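Asks: This is the structure, below, for whatever I ask next.
Read the figures in this text as sums done on the coordinates, not as results from a lab. None of these values were measured; they are calculated from a predicted model. Quick reminder, even Gly has a Cβ in these numbers, built from the backbone with ideal geometry, and neighbours come from all protein chains shown.
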Amino acid sequence: MPTTPEDFQEGKIVLIDKPLTWSSFQAVNKVKWSLKKHMGLKKIKVGHAGTLDPLATGLLIVCTGKFTKRITELQGMEKEYTGTFYVGATTPSYDLETEVNATFLTDHITAELIHDTVPQFLGEIDQKPPVFSAIKKDGKRLYEHARKGEEVEIAFRKTTIHEFEITRIALPEIDFRVVCSKGTYIRSLAYDFGIALQSGAHLTALRRTKIGEFNVDNAITPDAFEDEVTP
């Protein structure tokens with residue numbers, strides 16, 4: 001990693017492995033703060049190319065300086081995720097942010113049924129984003145409506161699942177790997193997969209492992225980034 005302030009002003013892609021419970025905004029702020037404190041940069045643009053929920057970990061592409069102009073291009077790349085569905089219960093947020101609101105039978109669910117259900121989610125699909133999401137509706141983000149208990153009509157969106165692989169079955173848990181287009185909500189995939197199993201499901205773990213050719217194996221934590229730029 002370059003050690004001159006000019007390198008970061010000219011433009012740098014920093015691969016961050018976002019820790020659990022951190023917001024993407026916090027991770028970007030840590031990078032920006034580290035550059036200002038340890039590189040003496042009074043002003044520098046820093047932004048990320050695709051939000052990760054606080055309850056997700058993994059790859060966050062952070063752009064500095066002139067490379068912030070590349071954010072839109074980077075956001076459009078396909079993404080790979082790994083994670084865990086919990087079958088037999090749903091939550092309003094489709095993940096662990098909210099408490100379980102309904103439980104379902106799972107006695108009929110077999111490994112064969114799980115594998116047979118996967119193909120219906122491959123290719124272009126219609127997906128409804130979670131009500132607990134940052135999409136704007138009537139000038140407010142959906143999660144703002146949701147937290148006030150307001151009913152909101154959410155439209156389906158087209159998204160593409162390029163690969164969907166079941167990597168472990170230990171009911172009520174199902175581990176998976178997904179490669180998908182921009183704008184895919186893995187929480188919604190968990191919810192819809194539960195319905196397709198004639199049950200219910202929510203997301204209990206999520207890790208973004210790739211964005212295009214960028215791999216989380218080459219990423220560092222925000223704290224490790226600070227260490228690298230500290231003289």
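Asks: Looking at the range 153-231, I'd like the Rg to Rh ratio, where Rg is from alpha-carbon atoms and Rh is Kirkwood's inverse mean 1/r.
Replies: Radius of gyration relative to Kirkwood radius: 1.09.
Asks: Taking 0.36 nm per residue of separation and subtracting the Cα-Cα distance, what length does fully extending THR51 through ASN218 add?
Replies: Once the chain is fully extended between THR51 and ASN218, it gains 58.3 nm.
Asks: Measure up LYS69/LYS158; LYS37/LYS210; LYS66/LYS158; LYS30/LYS182 against 28 Å on the Cα-Cα distance and list the ones that go over.
Replies: Check vs 28 Å cut-off fails for LYS37/LYS210; LYS66/LYS158.
Asks: Where in the range 38-71 are there trypsin sites (Lys or Arg not before Pro) that are in a DSSP coil and have at most 10 other Cβ atoms within 10 angstrom of their Cβ?
Replies: Of the trypsin sites (Lys or Arg not before Pro), the ones in loops of the range 38-71 whose Cβ has at most 10 other Cβ atoms within 10 Å are LYS42, LYS43.
Asks: Given a Förster distance of 35 angstrom, what is the FRET efficiency for THR110 paired with ILE154, based on the Cβ-Cβ distance and rounded to 0.05?
Replies: 0.65
Asks: Given contacts defined as C-alpha pairs under 8 Å and at least six residues apart, what's the relative contact order of the chain, whole-number percent?
Replies: That works out to 29 percent.
Asks: Separate question: Which distance in nm do the two modelled labels at LYS42 and GLU6 give, with both placed 7 Å along the Cα-to-Cβ direction?
Replies: 1.9
Asks: Could you state the principal axis extents of the C-alpha atoms in the chain, from the largest down, to the nearest angstrom?
Replies: Cα extents, longest axis first: 61, 38, 29 Å.
Asks: If you don't mind, another one. Among residues other than THR159 whose Cβ falls under 14 Å from its Cβ, what is the net charge (Lys/Arg +1, Asp/Glu -1)?
Replies: +1
Asks: In addition: Grab the other residues whose beta carbon is less than 11 angstrom from that of PHE8, score K and R as +1, D and E as -1, and report the net.
Replies: Net of charged neighbours comes to +2.
Asks: Nearest 500 deg cm²/dmol is fine: what mean residue ellipticity at 222 nm does the chain get from its DSSP H runs of n ≥ 4 alone, each adding -39,500 (n - 2.57), divided by its residue count?
Replies: Numbers: 7 runs with 59 residues, N = 231.
That calculation yields -7000 deg cm²/dmol at 222 nm.
Asks: Quick one: Debye curve from the alpha-carbon atoms of the range 1-131 only, equal weights, vacuum; give me log10 I(q)/I(0) at q = 0.09, 0.17 Å⁻¹ to two decimals.
Replies: Each listed q maps to, in turn, -0.41, -1.00.
Asks: Summing Lys, Arg as +1 and Asp, Glu as -1, what charge do residues with Cβ under 13 Å from the Cβ of THR90 carry, THR90 excluded?
Replies: Neighbour charge sum, excluding THR90 itself: -3.
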